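The values are calculated or read from the model by the stated rules, or taken from the named source; none is laboratory data. Source: prediction; values computed, not measured. All Cβ positions, even for glycine, are placed from backbone atoms using ideal geometry, and neighbour counts span all protein chains on display.
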Amino acid sequence: MKKGIIYIIIIAVIGIVAFIPGVRDFLKNQFFPIATIENAVHINEEDYDIDLKGINVPSTNLKNLKDKAVFLNFWGTWCPPCRKEWPSIQKLYETRKENVNFVLIAMNDKEEDVRKFLKENNYTAPVYIAQSPISEKILPKVFPTTFLLDKTGRILIKEDASKDWDSETVHQFIDNIIK
């Protein structure tokens, strides 16, 4: 009797795992996170294909900027945490712009508000407004969201919050990836 119940439970669990994809994916991610990380840490050529209207720099496409590491930040003038991290981004830009392409994409913003914000604060880091859809792999769920990508599209850092980007650890990390 007990063996019969155990067999029924085992068959039910196998059936749930086999026929409900969400459960299978959840268990795979819990027990085999390396596979998830390997799939998530690269963005491909199509993900880079974003037309960018330059606000304080010429317009371009993100794929034209992958010749070196990319500091990709999604922000908005309406976002207090985004505004809070801007001074540290500007300092990082001033010291690392020769080795890293900076791409700050203003989201859900009016161009005139972005221009006013940059002018009032004397910010010179390259700011854009996306003119084409952004891949789900990098489309932010919260603001600010920042990625540091290497030349191959590997995501080295993903930060879903405001951060001090002018810290010694960030500078050391960038120094190590640009060698």
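Within 18 Å of GLU94 (Cβ to Cβ) and out of contact with any helix residue (DSSP H, G or I) (no Cβ under 7 Å at 6 or more places or on another chain): which single residue out of LEU148, LEU139 fits that description?
LEU148
Scanning region 127-179 for residues that are of a type in the set (Gly, Ala, Ser) and either farther than 22 Å from PRO81 by Cβ or not assigned by TED's automatic domain parsing to the domain that holds ASP67 (or both) turns up SER132, SER135, GLY153.
Taken over region 55-81, residues that are part of a strand (DSSP E or B) and buried (at least 17 other Cβ atoms within 10 Å of the Cβ) amount to 8.
Restricting attention to region 103-146, the residues that are of a type in the set (Asp, Glu) and touching a residue at least 60 places away in the same chain (Cβ under 8 Å) add up to 0. When the criteria are applied in full, LEU149 meets the requirement of being in contact (Cβ under 8 Å) with a residue 40 or more places away in the chain and within 24 Å of LYS63 (Cα to Cα).
ILE129 - would you say it is closer than 16 Å to ALA69 by Cβ and not charged (D, E, K, R)? It would help to see each step written out before you state the result.
Working: closer than 16 Å to ALA69 by Cβ: no; not charged (D, E, K, R): yes.
In short, no.
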